[in-house]
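A short write-up of the structure that comes next.
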Amino acid sequence: MFKKILIANRGEIACRVIKTARHMGIKTVAVYSEADAAALHVDMADEAVAIGPAASAESYLSIEKIVDACKKTKAEAVHPGYGFLSERTAFAEALSKAKIAFIGPNAHAISAMGDKIESKKLAQKAKVNCVPGYIGEIKDLKEAARIAGEIGYPVMVKASAGGGGKGLRIVFKEAELAQAIQSSQHEAKASFGDDRLFIEKYITEPRHIEIQVLGDKHGNVIHLGERECSIQRRHQKVIEEAPSPFLDEKTRAAMGAQAVALAKAVQYESAGTVEFIVDKERNFYFLEMNTRLQVEHPVTELVTGLDLVEQMIRVAAGEKLSIKQEDVKLKGWAIESRIYAEDPYRNFLPSTGRLVRYRPPAEASVVGKTIRNDTGVFEGGEISIFYDPMIAKLCTHANSREAAIDLMGDALDHFSIEGIAHNIPFLQAVMTHERFRAGKLSTNFIAEEFKDGFHGADLTPELKDRMASAAVFMQLREEERRRKISGQVNGVSQVPRDWTVTVNTTDILAVKTMTEGRDVVAVRLGDGKTSRMIEVESSWKPGECSFSGEVAGQAVAMQVSRRGDVFRLVHRGAHASITVRRPRVAALAQYMLVKPPPDTSKFLLCPMPGLVVSIAAQVGQDVKAGEPLAVVEAMKMENVLRAERDGVIKRVAAKPGDSLPVDAVILEFA
Ligand code: ADP
């Protein structure tokens, strides 16, 4: 076994690999860029080597610097994580030349599977079902039109070198083909320096289901069941689960057998993933093979009880697989939510900055229930513009799908993040969504169910009652604390029993405190026939940012922030601004002056810190709503900023190349 390994990655995956290595008694070496000098993975590793500037191309993607770091620290092997150099043939080769083991497959398997056209050819030979289409490079539009006509629309245009959803275009009719080919080619050239395209059938209402495979250097390959990754936004995974609610034993076994056959065809000797697209009739078709550890591997670990990183390290060291196919048993259900630094209310624009608060739910494993949080950040740390915007991967495991979803809902409610925007309310909205709960998934789920974007989950009457009564509970705790302050002029009068509660300013509710104990308060919400008694039990104290306890006999948690006398609560993805006032105060509140927010409608503001790539508007230009005005790059993504309404440009305040902070003015309208 290796004595020391180097992890050629950063963030959560570097931390995750270090944890397993430590369990195995292996010393670890981290590498870091200038932007990551204070990162968690650097702190966790036994040693750390600086490898250059923040830009990945000059640090995490530099084969030379990483090989040097291995030599300097005498690391015997390298785990590449995912992304960066994990699927670069040249990296595996450079390591092999330097006599350093690569904790991953052989270079041949990486290169064979790295190209979509080549891998489809190989898959076909190994008798794996491929998506109907033409397996080869398309030369010109005429040929493309002929092929697409033969396959039958809709078709998908894909980049052979593609990855990360780049270069993919769906084409519904011939008239759209030329445009799709042009933009796909452009994107492929810019992202991969390789603009070869191919065409395949677009599978309608598809599900993305992938098989985890594991091989060793002795010719053994097994599969560890599937993961369903159909919840995607723009072809990028957001929520994954294992097993899939769609597969039956027969399909699972057939997919597993094909995945193993393909892995064997390239002498696969590590952990890898064979991705399939599955149609409504459970026909499955090979998409591509990822020759690395996947982001979503924890759900497989939770249902199989195996540590995939440990398996990868063992097979890289030459050990035989200690498990056989018949030993693999899938137990319970696991779900993963990817927590991203992005603003779901502003079309998922990336968000960067300081993590003023970062309090994940406690990782725990009690009988039948596990919460696991893989992360590379800490409170006070920073989410920078240079890398992936993922903050954490929150996973839950329970006996059934429903229980795993409920546990995820609970865990998300306990997750406090402040300082940057995050997608937790959106993830919560998916967890409570009827269609998701029913397992009726497709890769179009988000596009179909959140057609006009995300505006917060519905504040149902049940949620509203829960949040209102929790707010009354918290108000009482604050009143109680206020009474204890000594030396007050007239003392503070008794805490009243009657309250006027407003929810989101318009909803007014009379509330009466009925009984009050140390940690328990019973309140009556509303009056007359519809009034209801609710008991709240909690140990919440003023100032705490997360409320947890029991409301009407149900264990609940919610996020709390206080502005003036307003409680802002987030629970199950729904927001509520709640005030709890004495009736007299509430009656007079309408006479209070409210400071109007500044009018920013005349400006195009930079929605996140980023680099201006281009500006498409000029002074005096008449623009229409929806027209692109500027492109800003942040976190490796180009974001097109569009006009929200019709108008005339009065001033252009930024130029390409400018590095702007959030809310900086880019354009002003007349
Ligand atoms: P990438 O390597 O860029 O991630 P993939 O080939 O893995 O590209 O496809 C990404 C996603 O695009 C899939 O998960 C699926 O949602 C969708 N997709 C790809 N090919 C097809 C197809 N033929 N029909 C329908 N959807 C597809």
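The values are calculated or read from the model by the stated rules, or taken from the named source; none is laboratory data. What you are looking at is a predicted structure, and each value in this text was computed from that prediction instead of being measured. As a convention, Cβ positions derive from the backbone with ideal geometry for all residues, glycine included, and neighbour counts pool all protein chains shown. Just the protein is used for accessible areas: all its heavy atoms, side chains included, with ligands, DNA and RNA removed. Shrake-Rupley method; radii C 1.70, N 1.55, O 1.52, S 1.80 Å.
Conditions tested, residue by residue: (1) part of a loop (DSSP other than H, G, I, E, B); (2) at pLDDT 95 or above.
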position: LEU569; (1), (2): no, yes
position: PRO597; (1), (2): yes, no
position: MET608; (1), (2): yes, no
position: SER614; (1), (2): no, no
position: ALA630; (1), (2): no, no
position: LEU641; (1), (2): no, no
position: ARG645; (1), (2): yes, no
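If the requirement is being among the aliphatic types (A, V, I, L, M) and either in contact with a Lys or Arg (Cβ under 7 Å, 6 or more places away or on another chain) or without any contact (Cβ under 8 Å) to a residue 60 or more places away in the chain (or both), which of these qualifies: LEU330, LEU355, LEU394? Talk me through it step by step, then tell me what you get.
Details: LEU330 fails: either in contact with a Lys or Arg (Cβ under 7 Å, 6 or more places away or on another chain) or without any contact (Cβ under 8 Å) to a residue 60 or more places away in the chain (or both); LEU355 fails: either in contact with a Lys or Arg (Cβ under 7 Å, 6 or more places away or on another chain) or without any contact (Cβ under 8 Å) to a residue 60 or more places away in the chain (or both).
It is LEU394.
Please work out which residue is nearest to the ligand (Cβ to nearest atom), limiting yourself to region 136-193 and to residues that are more than 18 Å from SER119 (Cβ to Cβ) and of a type in the set (Lys, Arg).
By that ranking, first place goes to ARG169.
Would you confirm, using the coordinates I've provided, whether ASP458 is open to solvent by 50 Å² or more (accessible area, probe 1.4 Å), away from the ligand (no atom under 16 Å from the Cβ) and touching a strand residue (DSSP E or B) at 6+ places or on another chain (Cβ under 9 Å)? If you could, list the steps in order and put the result at the bottom.
On the way: open to solvent by 50 Å² or more (accessible area, probe 1.4 Å): yes; away from the ligand (no atom under 16 Å from the Cβ): yes; touching a strand residue (DSSP E or B) at 6+ places or on another chain (Cβ under 9 Å): yes.
It is true that ASP458 is open to solvent by 50 Å² or more (accessible area, probe 1.4 Å), away from the ligand (no atom under 16 Å from the Cβ) and touching a strand residue (DSSP E or B) at 6+ places or on another chain (Cβ under 9 Å).
In region 347-379, which residue that is at pLDDT below 95 and within 16 Å of the chain's Cα centre (by Cα) is most open to solvent (accessible area, probe 1.4 Å)?
Ranking the qualifying residues of region 347-379, first place goes to ASN347.
Just give me the residues in region 637-654 being without any contact (Cβ under 8 Å) to a residue 40 or more places away in the chain and in contact with a Cys (Cβ under 9 Å, 6 or more places away or on another chain), in sequence order.
LEU641
When you check ARG227 against the structure, is it within 28 Å of ALA14 (Cα to Cα), basic (Lys, Arg) and in a helix (DSSP H, G or I), yes or no? Lay out the reasoning, then the answer.
Values: within 28 Å of ALA14 (Cα to Cα): yes; basic (Lys, Arg): yes; in a helix (DSSP H, G or I): no.
For ARG227, the condition - within 28 Å of ALA14 (Cα to Cα), basic (Lys, Arg) and in a helix (DSSP H, G or I) - is not met.
For the subset of region 571-586 comprising residues that are open to solvent by less than 40 Å² (accessible area, probe 1.4 Å) and assigned to a strand (DSSP E or B), which member is nearest to TYR345 (Cα to Cα)?
Residues of region 571-586 open to solvent by less than 40 Å² (accessible area, probe 1.4 Å): 571, 573-574, 576, 578-580, 586.
Then keep just the ones that are assigned to a strand (DSSP E or B); that gives 571, 574, 576, 578-580.
Working: HIS571: 16, ALA574: 12, ALA576: 15, ILE578: 20, THR579: 23, VAL580: 27 Å.
Selected residue: ALA574.
Please report, ordered by residue number, the helices (runs of 4 or more DSSP H) entirely within region 236-322 with at least 2 residues that are basic (Lys, Arg) and within 16 Å of the ligand (Cβ to nearest atom). So that I can check it myself, show each step before the final result.
On the way: elements: 249-265, 297-304, 308-316.
The helices (runs of 4 or more DSSP H) meeting that bar number zero.
Does VAL328 satisfy being modelled with pLDDT of 95 or more, surrounded by fewer than 23 Cβ atoms within 10 Å (Cβ to Cβ) and within 16 Å of the ligand (Cβ to nearest atom)? Working first, answer last.
On the way: modelled with pLDDT of 95 or more: yes; surrounded by fewer than 23 Cβ atoms within 10 Å (Cβ to Cβ): yes; within 16 Å of the ligand (Cβ to nearest atom): no.
Answer is no for this residue.
Would you pick out the residues in region 502-516 that are touching a residue at least 24 places away in the same chain (Cβ under 8 Å) and polar (S, T, N, Q)?
THR502, ASN504, THR505, THR513
I need the full set of residues from region 206-222 which are more than 9 Å from the ligand (Cβ to nearest atom) and either surrounded by fewer than 24 Cβ atoms within 10 Å (Cβ to Cβ) or hydrophobic (A, V, I, L, M, F, W, C) (or both), in order please.
To start, the set of residues in region 206-222 that are more than 9 Å from the ligand (Cβ to nearest atom) comprises 209, 211-222.
Answer for region 206-222, where residues must be more than 9 Å from the ligand (Cβ to nearest atom) and either surrounded by fewer than 24 Cβ atoms within 10 Å (Cβ to Cβ) or hydrophobic (A, V, I, L, M, F, W, C) (or both): ILE209, ILE211, VAL213, LEU214, ASP216, LYS217, HIS218, GLY219, ASN220, VAL221, ILE222.
Determine which member of the set ALA616, ALA625, ALA589, ALA654 is open to solvent by less than 20 Å² (accessible area, probe 1.4 Å) and of a type in the set (Gly, Ala, Ser). Walk me through how you get there before you give the answer.
Values: ALA616 fails: open to solvent by less than 20 Å² (accessible area, probe 1.4 Å); ALA625 fails: open to solvent by less than 20 Å² (accessible area, probe 1.4 Å); ALA589 fails: open to solvent by less than 20 Å² (accessible area, probe 1.4 Å).
Exactly one of ALA616, ALA625, ALA589, ALA654 is open to solvent by less than 20 Å² (accessible area, probe 1.4 Å) and of a type in the set (Gly, Ala, Ser), namely ALA654.
Looking at (1) surrounded by 15 or more Cβ atoms within 10 Å (Cβ to Cβ); (2) in contact (Cβ under 8 Å) with a residue 60 or more places away in the chain, which is the only condition ALA555 fails?
The single condition ALA555 does not satisfy is (1).
Which one of GLU76, GLU64 is over 27 Å from the mean Cα position of the chain (by Cα) and either over 20 Å from ILE313 (Cβ atoms) or among the polar types (S, T, N, Q) (or both)? Quick ask: steps written out before the conclusion?
Details: GLU76 fails: either over 20 Å from ILE313 (Cβ atoms) or among the polar types (S, T, N, Q) (or both).
Only one candidate qualifies: GLU64.
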